[in-house]
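Okay, structure first, notes after.
The values are calculated or read from the model by the stated rules, or taken from the named source; none is laboratory data. Just so it is clear, the model here is predicted, and its values are computed rather than measured. Every residue, glycine as well, gets a Cβ built from its backbone with ideal geometry; the counts of neighbours run over all protein chains shown. For the accessible areas, the whole protein counts, side chains as well, though only heavy atoms, and no ligand, DNA or RNA atoms are used. Shrake-Rupley method; radii C 1.70, N 1.55, O 1.52, S 1.80 Å.
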Amino acid sequence: MALDRGTPPDPFDVLPAKPWFTLTSTDIAEGEPLADTFAHGSVGGSNESPELEWSGFPSDTKGFVVTCYDPDAPTQSGFWHWVLVNLPASTTRLARGAGDGHDLPAGAFHVRNDYGAKEYGGAAPPTGDRDHRYVFAVHALDVERLDVDDSVSAAVVGFNLAFHTLARAALRPTYRVG
């Protein structure tokens, strides 16, 4: 039975406004259901991160952070599925599966997601709950590197993004179990 919690706001509706650039993917689309390939193993998925590509970001961008967040999780703080920090400005694409942490550009790293792992963690909403939105975002930075290491939480990365984001791009696919 789904809980009637109302729909939480999109996370970017409550943050300072920033310009938008373009995020595309051969694997996911705005408002469309995620394939099981991108769902967590606990719900029968393959737990692969989708391919992402971005363009149109500000010319003075010095680095990027990629995140995936579920604002619809039945918690007081949503659920962080992916936080990939300190991608160089020359990176404009991540191949499918990059969330496993292999073959990342020099200096890039993952921080713990809310599953407790330093990698992509796929969609896994409670069985029978409503469609959950998965906000895949790329944040263009005014610095080459955020002043964090891989021991910080996703919330600490998000706090730092508030001070260093020049522009954002996002796709919001959905997922439901049962």
Residues of the range 9-28 classified as within 29 Å of ASN160 (Cβ to Cβ), assigned to a loop (DSSP other than H, G, I, E, B) and open to solvent by 40 Å² or more (accessible area, probe 1.4 Å), total: 7
Subset of the range 136-178 [closer than 26 Å to THR26 by Cα and part of a loop (DSSP other than H, G, I, E, B)]: ARG172, PRO173, ARG176, VAL177, GLY178
Test: GLY45 is assigned to a loop (DSSP other than H, G, I, E, B), surrounded by 18 or more Cβ atoms within 10 Å (Cβ to Cβ) and more than 14 Å from the chain's Cα centre (by Cα): yes
Some residue of the range 57-76 being among the small types (Gly, Ala, Ser), exposed (fewer than 14 other Cβ atoms within 10 Å of the Cβ) and either in contact with a strand residue (DSSP E or B) (Cβ under 9 Å, 6 or more places away or on another chain) or modelled with pLDDT under 95 (or both): no
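Being of a type in the set (A, V, I, L, M, F, W, C) and closer than 12 Å to PRO173 by Cβ is the filter here; which residues of the range 23-68 pass it?
Initially, the range 23-68 is screened for residues of a type in the set (A, V, I, L, M, F, W, C), giving 23, 28-29, 34-35, 38-39, 43, 52, 54, 57, 64-66, 68.
Correct list: LEU23, ILE28, ALA29, LEU34, ALA35, PHE38, ALA39, LEU52, CYS68.
If you check ASP129 against the conditions, is it modelled with pLDDT under 95 and either part of a loop (DSSP other than H, G, I, E, B) or more than 24 Å from GLY41 (Cα to Cα) (or both)? It would help to see each step written out before you state the result.
Working: modelled with pLDDT under 95: yes; either part of a loop (DSSP other than H, G, I, E, B) or more than 24 Å from GLY41 (Cα to Cα) (or both): yes.
Here the answer is yes, as ASP129 does meet what is asked.
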Where a residue in the range 135-148 is at pLDDT 95 or above and open to solvent by 10 Å² or more (accessible area, probe 1.4 Å) and its partner, wherever it lies, is in a loop (DSSP other than H, G, I, E, B) and not small (Gly, Ala, Ser), with Cβ under 8 Å and at least six apart: ASP142/ASP60; ASP142/THR61; ASP142/LYS62; VAL143/LYS62; GLU144/LYS62; VAL148/VAL111
Residue check for PHE163: open to solvent by 60 Å² or more (accessible area, probe 1.4 Å) and either touching a helix residue (DSSP H, G or I) at 6+ places or on another chain (Cβ under 9 Å) or at pLDDT 95 or above (or both): yes
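Could you tell me whether any residue of the range 107-119 is more than 23 Å from SER59 (Cβ to Cβ), β-branched (Val, Ile, Thr), open to solvent by less than 30 Å² (accessible area, probe 1.4 Å) and in contact (Cβ under 8 Å) with a residue 60 or more places away in the chain? Explain how you work it out, then say what you get.
Keep residues of the range 107-119 that are more than 23 Å from SER59 (Cβ to Cβ), which gives 109-119.
Next, from what is left, pick out any that are β-branched (Val, Ile, Thr): 111.
Checking which are open to solvent by less than 30 Å² (accessible area, probe 1.4 Å) leaves us with 111.
Right, trim to in contact (Cβ under 8 Å) with a residue 60 or more places away in the chain and you get none.
Within the range 107-119, none of the residues are more than 23 Å from SER59 (Cβ to Cβ), β-branched (Val, Ile, Thr), open to solvent by less than 30 Å² (accessible area, probe 1.4 Å) and in contact (Cβ under 8 Å) with a residue 60 or more places away in the chain.
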